[in-house]
1. Can you send over the solvent-accessible area of residue 55, 1.4 Å probe, protein chains only, in Å² to the nearest 10?
2. With each run of n ≥ 4 DSSP H residues scored as -39500 (n - 2.57), what mean residue ellipticity at 222 nm is computed for the chain after dividing by its residue count and rounding to the nearest 500 deg cm²/dmol?
3. I'd like the accessible area for residue 80: 1.4 Å probe, protein heavy atoms, all chains in place, Å² to the nearest 10.
4. Taking only Cα atoms and a 10 Å spring cutoff, compute GNM fluctuations for the chain and point out the largest among 27, 50, 67.
5. Amide H of residue 50: which non-local residues (sequence gap of 5 or more, or other chain) have their own amide H closer than 5 Å, using H built in the peptide plane?
6. Can you compute the radius of gyration and Dmax for the chain, using only the Cα atoms, both in Å?
7. Between the DSSP loop rule and a limit of at most 12 other Cβ atoms within 10 Å, which GluC sites (Glu not before Pro) in the stretch 1-86 are left?
Amino acid sequence: MIISSIELREIRLPLIHFFETSFGRTTERRIILVRVTDADGEEGWGECTTGEGPFYSEEWTETAWSTLNAFLAPMVLAESLKMRPVSTP
């Protein structure tokens, strides 16, 4: 499989019930969606659901976007990847 394109999208997902900690109240989630397409036109989707800010760790939506865009996506773009079958129990 040769990766031909990687698309990043950010969505804002309103929460049905807010999430509250000592840092404040969260009413929506910022989620990064990733669509990967190979040279044969097959595609797959993934998501990155980091925190909205650097409260619990240094990984948050802004740094995840930068890391995906500047480092991880270019590392696999146009590369030939071997896929392993997923084992089922």
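1. 120 Å²
2. Rounded to the nearest 500, the figure is -2500 deg cm²/dmol.
3. Rounded to the nearest 10, the figure is 90 Å².
4. Most flexible of the set in this elastic network: 27.
5. Sorted by chain and number, the residues that satisfy this are 32.
6. Considering the chain through its Cα atoms, Rg and Dmax are 16.1, 48 Å.
7. Sparse-neighbourhood loop GluC sites (Glu not before Pro): 42, 58, 79.
The values are calculated or read from the model by the stated rules, or taken from the named source; none is laboratory data. Here the structure is a predicted model, which is why all the values come from computation and not from measurement. In this analysis, Cβ positions are derived from the backbone assuming ideal geometry, glycine residues included, and neighbour counts consider all displayed protein chains. With ligands, DNA and RNA removed, areas are computed over all heavy atoms of the protein, side chains included. Shrake-Rupley method; radii C 1.70, N 1.55, O 1.52, S 1.80 Å.
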